[in-house]
Every structure is written in structure tokens, then in C-alpha cells.
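Take a look at the structure set out below.
The values are calculated or read from the model by the stated rules, or taken from the named source; none is laboratory data. Computed from a predicted structure; not experimentally measured. Virtual Cβ from ideal backbone geometry, glycine too; neighbours counted across all protein chains shown.
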Amino acid sequence: MAVTINVCKSFKTSAWQRHNVTVNDDSWSQILADNTESREISQDDTVMDALMQLDDDTRLIMQMYYYEGYSVKEISIMTKLKETSVYMRLSRGRKKMGRILSEW
């Protein structure tokens, strides 16, 4: 029983739960109706397209860090890389993303 409680607590405090919210159909239609919000969505699509142009290893680490909210230490444990390697891949990924986005 204690294991189940601890797993539930861990899930509730996970990065995924902290950074995601549920959106019902009414609020989603309001977001799409607003021109300002739809421009932000298209910018997000542009960033995602640029992210998809990165190599798989760099893209995985960038997604884990920026989209899923994992720390460098957590990423290093999950990918079995040194923390310095994760920092270096993030740095290189940001530079590549900058070059890709500046071309657009």
C-alpha cells in the first residue's frame, strides 16, 4: 500500500504534471479564435519544425529539457550520459536551432 501511495505522489510531482494543464473544448476554441494566440501557435510550429531538423540525440535531449522539464541531472541518469555531455549537447543544439531559425 505504501508503494502505491509513493508512486502516486511521485507522479503528481513529476515534470510532466507540473508543466501540463488540461484544456476543455470551449477554452480551446477561444484560443484558436484569437488572432494573437494563433500567431503564437504558428511560432511554436516553426520552432518544432526546426527542432525536428536536429539529429536524434540532440533533439531528444532538447525535448526532455525544454518541453518535458527534466533537469540536466535527470537527463544524464535517463540517457546514461555524463552531465557535462548533456550540457554540451544542449549548447550545440541551441546553436544549431539558432542557425536554422535565422534562415527562416
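Residue-level analysis places Lys12 outside the set of residues that are modelled with pLDDT of 85 or more and surrounded by fewer than 10 Cβ atoms within 10 Å (Cβ to Cβ). Here the range 55-80 is the region considered, the condition is being more than 14 Å from the chain's Cα centre (by Cα) and not in a helix (DSSP H, G or I), and the residue that is modelled with the highest pLDDT is Lys80.
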